[in-house]
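Okay, structure first, notes after.
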Amino acid sequence: MDTAITHYPPRRITDLVNLKKQGKDVTCSPDFEIYPVDFEHRQAHFQAYVFLCRHNGLVDGQAYSFRKCYARGCPNNLCQHVSKAVMIANRHLQRDYHVLRSAGVEVSEKLFTLENMMVEFDQKQEADSSLNTIFDFINMAQDGKDVKVKAVIEEVPAIEHFDYQKNAQTFIICDFDCSIDSKQYNYQRCLSCYSTDKEAEERPQAVLTANARLENLYAEFDKAGIKYEKKLC
């Protein structure tokens with residue numbers, strides 16, 4: 001984890017870990033948000049479910065709150081199927097829980113649950129049903145696989161629907177095209193987001209958060225020997 005840069009108030013799991021290492025009293029309680037979002041990606045217009053976790057807590061008695069996107073799913077081939085997105089979101093969430101617990105931050109073990117979608121996942125036996133994440137590709141490289149990654153970063157406008165409201169939101173998304181022993185895989189990750197109507201105010205912080213997350217991933221790539229071209233927002 002990156003120990004050089006710590007944002008305060010915290011905006012990342014890494015910030016919470018670094019603050020704990022500095023001797024601060026850190027608590028974390030996750031709250032989940034799952035709602036439909038209308039995306040405009042290049043020439044495509046589609047609706048997807050976004051799996052967000054709002055991490056709330058205290059740092060030495062001072063309240064903080066930030067949200068993190070764990071997956072995006074839709075019932076077509078423009079992103080992971082919703083049923084897969086549930087599983088991918090929980091894998092990322094469990095990894096964050098492990099990182100927090102290892103640093104001494106107590107956190108609950110809640111996971112995303114969407115029973116009807118889980119049933120659909122159990123019934124869906126697709127040939128391409130592997131649930132690979134970028135960390136799986138890192139592990140493959142550590143096991144000796146020849147892994148190459150091309151990153152494409154885009155800012156995707158969207159409309160969030162929740163509590164009978166519509167909010168314009170822009171998501172900073174990285175498309176990772178991975179070549180592993182000549183086989184091709186694709187993985188998307190949301191790095192951060194900001195209110196479209198408050199671009200001047202919120203975008204600079206969102207870009208800082210996105211780049212910090214990319215820097216952490218690139219450090220993992222370097223350790224694993226993954227070939228890539230470093231790109232930032």
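Mind listing the phi-derived Karplus ³J(HN,Hα) values for region 21-29, rounded to whole Hz, using 6.51, -1.76 and 1.60 with θ = phi - 60°, and x for any glycine or proline?
5, 7, x, 7, 7, 10, 10, 8, 10
Could you rank the peptides 199-207, 91-99, 187-195 by their average count of other C-beta atoms within 10 Å per residue, with the highest value first?
Packing proxy ranking, top to bottom: 187-195, 91-99, 199-207.
Quick one: pull the percent of accessible area on region 147-233 belonging to carbon and sulfur, 1.4 Å probe, ligands and nucleic acids left out.
Carbon plus sulfur share of accessible area: 48 percent.
Which whole-Hz ³J(HN,Hα) couplings does region 226-233 yield from phi under the Karplus relation 6.51 cos²θ - 1.76 cosθ + 1.60, θ = phi - 60°, glycine and proline marked x?
After applying 6.51 cos²θ - 1.76 cosθ + 1.60, I find 7, 8, 7, 9, 5, 10, 10, 5 Hz.
So who's got an amide H within less than 5 Å of the one on Q169, skipping anything under 5 residues away but keeping other chains? H placed 1.01 Å off N, in plane.
It is A158, I159, E160, T196, by chain and number.
Evaluate E = 1/(1 + (r/R0)^6) for H98 and T27, where r is the Cβ-Cβ distance and R0 equals 25 Å; express this FRET efficiency to the nearest 0.05.
E between H98 and T27, to the nearest 0.05, is 0.90.
The values are calculated or read from the model by the stated rules, or taken from the named source; none is laboratory data. As the structure is a prediction and not an experimental result, all values here were calculated from the model. Positions of Cβ are generated from backbone atoms using ideal geometry, with glycine treated the same way; all protein chains shown enter the neighbour counts. SASA here: full protein model, heavy atoms, side chains in, ligands and nucleic acids out. Shrake-Rupley method; radii C 1.70, N 1.55, O 1.52, S 1.80 Å.
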